[in-house]
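One structure is given below, encoded as structure tokens.
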Amino acid sequence: MFVPCGSSAPPDFEGFTLLLPAVSVGNVGQLAVDLVIFTLDMPKVGYFYTDCLVPMVGNNPYATAEENSTELSINAEVYSLPSKKLVVLQIRSPFVKNKYRSFCQTLLSWVKSSRCAKVILLSSSHAYQCDDQQLHGTPLRYLLSPAIQKTAGELMQRLNWKEMEKVAAYPGVNDTDMVLRIPGGGITTLLFSESCSNGIQMAVLLKFCSEGDNIPDALALVNYLNEWLQLVKSEQNSAAPATPSQWKIPHSWRLLFGSGLPPALF
Amino acid sequence: MATFFGEVVAAPSRAGVDEEEEVAGEREETPEDREIRRELEKKREVHILWSSKLSASTGSFTDEQFPCSKFILAIGHNSVAFLSSFVLNSGCWEAAGSVKLWNEWCRTSNTTSVLPTDAFCLFYKLISDPTVLLCQCNCYVAEDQQYQWLEKVFGCMREEDLQVTILSTCPLTDYKTPESTLTLPSPFLKALKTKDFKETTCCPLLEQPNIVQGLPAAVLSYCQVWQIPAVLYQCYTDVIKLDTVTIEAFKPVLSSKNLKSLVKVKLNFKD
């Protein structure tokens with residue numbers, strides 16, 4: 001459930017765009033959301049308190065100075081920027097076993113009750129599952145629920161984006177039943193199909209990637225998002241992606257691969 | 001992912017929903033699946049047995065909340081041993097309740113006379129001020145049980161200017177630092193506090209990118225969301241077993257506002 005920070009009146013998200021990550025391969029969606037929150041300096045407006053995510057706490061991952069470095073952060077928090085009509089939910093830990101369905105239900109009912117205009121889910125999928133066609137060209141894909149087709153479908157055409165391909169439900173047996181599969185995408189398929197059946201305006205933006213140093217993948221995904229939402233101005237023209245320097249890297253990204261090495265090793 | 005020897009190893013996915021769960025999730029849950037899941041959930045339920053709420057006449061538990069102004073929670077055998085040695089030893093405490101739970105790692109013991117190596121989770125009340133509650137949690141509370149534990153314990157409290165103190169330990173190798181943890185002097189204490197905790201902490205705060213997980217994180221998250229002043233003192237140690245050096249590392253906490261008044265014995269600090 002959404003719990004606002006402090007004792008002020010709960011924020012109004014009517015008409016806002018809700019941006020959230022799927023906990024997926026390479027944590028690309030979550031890293032991309034970190035970049036959006038930190039670059040736009042979005043203030044925290046509340047918590048998404050749930051028993052579906054593994055608990056985790058730490059000090060402010062977006063600290064810029066001594067003063068704001070001691071604010072406690074938990075595993076699911078909501079940030080908002082009314083000037084861009086943007087609300088962001090950041091998810092920082094994996095699901096408790098067998099709780100991901102329950103999380104999807106809670107999330108979608110919050111989307112409905114807060115009357116957000118649209119939802120954009122940032123996700124990723126295992127690169128090793130790409131077929132020969134998908135290995136060529138861009139590794140970025142999009143999906144639109146029927147409710148958002150009217151408003152965003154044309155823009156996708158203009159941006160020359162590629163829609164996520166469906167695969168045969170029974171490969172090798174018959175090719176007539178085509179289904180959507182996003183291996184390594186976490187709850188992406190479930191959230192998307194639930195949104196389709198419930199008339200929610202949802203778009204999924206995802207990148208094919210592998211586990212490793214996923215910072216470049218996160219930058220690619222956030223630039224992809226930026227082509228649509230124009231959150232950050234690109235340097236030369238609107239067609240070129242924003243340079244990496246225009247996205248600020250949070251300090252919590254330090255030591256992603258562990259502590260320093262013991263000198264005695266060498 | 002292929003290793004140097006050429007064999008293909010399935011790398012653990014950070015997707016949070018592993019392949020089997022994803023495939024299982026695609027098909028509808030049958031009544032048998034639901035029954036199995038319900039039975040498993042029942043087996044893993046967390047039960048809190050409050051001894052003071054036991055009604056003398058009916059022998060049943062009441063649903064009343066009790067007032068609580070201070071809640072001190074020790075998680076793990078070193079934190080538990082610290083509170084036993086420096087706080088509970090004053091003899092001013094009485095047993096107030098226990099937690100009954102089971103998971104793959106432990107089953108809590110039913111008695112109150114426990115050994116440091118037993119799995120138990122016991123509550124004590126200060127005789128002179130029953131709004132002060134202390135909990136010794138010497139058992140592993142699994143991921144799916146943490147929220148239940150939290151809601152059931154805090155659900156029984158009628159918060160009256162409640163202040164929460166949590167003591168916990170974790171391996172030194174979990175600490176992220178630009179230098180190697182091999183050369184880091186240990187054990188050492190780090191603190192995390194909620195927004196509403198206004199006192200100064202007895203040790204430096206835990207710096208990013210370090211995080212805390214498990215039951216200490218669950219309790220601190222609850223306090224942050226529901227605006228309860230709370231502080232967690234986490235001891236980073238390179239000793240896994242019960243260890244006096246690790247226990248002593250918690251000593252600075254005795255000067256904190258919540259614990260100062262509870263320590264009767266005059267301590268002889270070596271340092």
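The values are calculated or read from the model by the stated rules, or taken from the named source; none is laboratory data. Given the structure is predicted, the values throughout are model-derived calculations rather than measurements. Cβ coordinates were reconstructed from backbone atoms using ideal geometry, including for glycine residues, and neighbour counts include every protein chain displayed. Protein only, heavy atoms only, side chains kept; ligands, DNA and RNA dropped before computing areas. Shrake-Rupley method; radii C 1.70, N 1.55, O 1.52, S 1.80 Å.
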Any hit, region A:130-151, residues being of a type outside the set (S, T, Y) and within 13 Å of chain B (Cβ to nearest Cβ): no
Filter result (surrounded by 12 or more Cβ atoms within 10 Å (Cβ to Cβ) and at pLDDT 60 or above) within region B:17-31: B:E29
Selection status of A:L191, modelled with pLDDT of 85 or more, outside any loop (DSSP other than H, G, I, E, B) and closer than 30 Å to A:Y128 by Cβ: yes
Contacts under 6 angstrom Cβ, first residue in region A:171-182 being within 21 Å of A:R141 (Cβ to Cβ) and at pLDDT below 85, partner open to solvent by less than 100 Å² (accessible area, probe 1.4 Å) and not in a loop (DSSP other than H, G, I, E, B), 6 or more apart: A:D175/A:A168; A:D177/A:A169
Hits in region A:251-261 (condition: open to solvent by 30 Å² or more (accessible area, probe 1.4 Å) and at the interface with another protein chain (Cβ under 7 Å from one of its Cβ atoms)): A:H251, A:R254, A:L255, A:S259, A:L261
Filtered residue count, region B:32-65, keeping only those that are modelled with pLDDT under 85, exposed (fewer than 12 other Cβ atoms within 10 Å of the Cβ) and away from chain A (no Cβ under 12 Å): 8
Failed criterion for A:A117 (all others in (1) touching a Leu at 6+ places or on another chain (Cβ under 9 Å); (2) within 14 Å of chain B (Cβ to nearest Cβ); (3) open to solvent by 20 Å² or more (accessible area, probe 1.4 Å) hold): (2)
Residue, farthest from B:P252 (Cα to Cα), within region B:194-209, restricted to residues that are buried (at least 19 other Cβ atoms within 10 Å of the Cβ) and within 7 Å of chain A (Cβ to nearest Cβ): B:Q208
Residue that is farthest from the other protein chains (Cβ to nearest Cβ) [pool: residues in region B:144-180 that are without any contact (Cβ under 8 Å) to a residue 24 or more places away in the chain and of a type outside the set (G, A, S)]: B:E151
Failed condition for B:K190, given (1) among the charged types (D, E, K, R); (2) farther than 20 Å from A:S259 by Cβ; (3) more than 7 Å from chain A (Cβ to nearest Cβ): (2)
For B:T237: the one exception among (1) facing chain A (nearest Cβ under 9 Å); (2) open to solvent by less than 60 Å² (accessible area, probe 1.4 Å); (3) of a type in the set (V, I, T): (1)
Complete set of residues in region A:127-178 that are under 20 Å from A:L229 (Cα atoms) and open to solvent by 100 Å² or more (accessible area, probe 1.4 Å): A:K150, A:T151, A:E154, A:Q157, A:R158, A:N160
Among (1) open to solvent by 30 Å² or more (accessible area, probe 1.4 Å); (2) within 19 Å of the chain's Cα centre (by Cα) - the single one B:V212 does not satisfy: (1)
Test for A:S124: is it assigned to a strand (DSSP E or B) and farther than 17 Å from A:F38 by Cβ: yes
Search result, residues across region A:1-50 that are surrounded by 23 or more Cβ atoms within 10 Å (Cβ to Cβ), at the interface with another protein chain (Cβ under 9 Å from one of its Cβ atoms) and not in a helix (DSSP H, G or I): A:A22, A:V23, A:S24
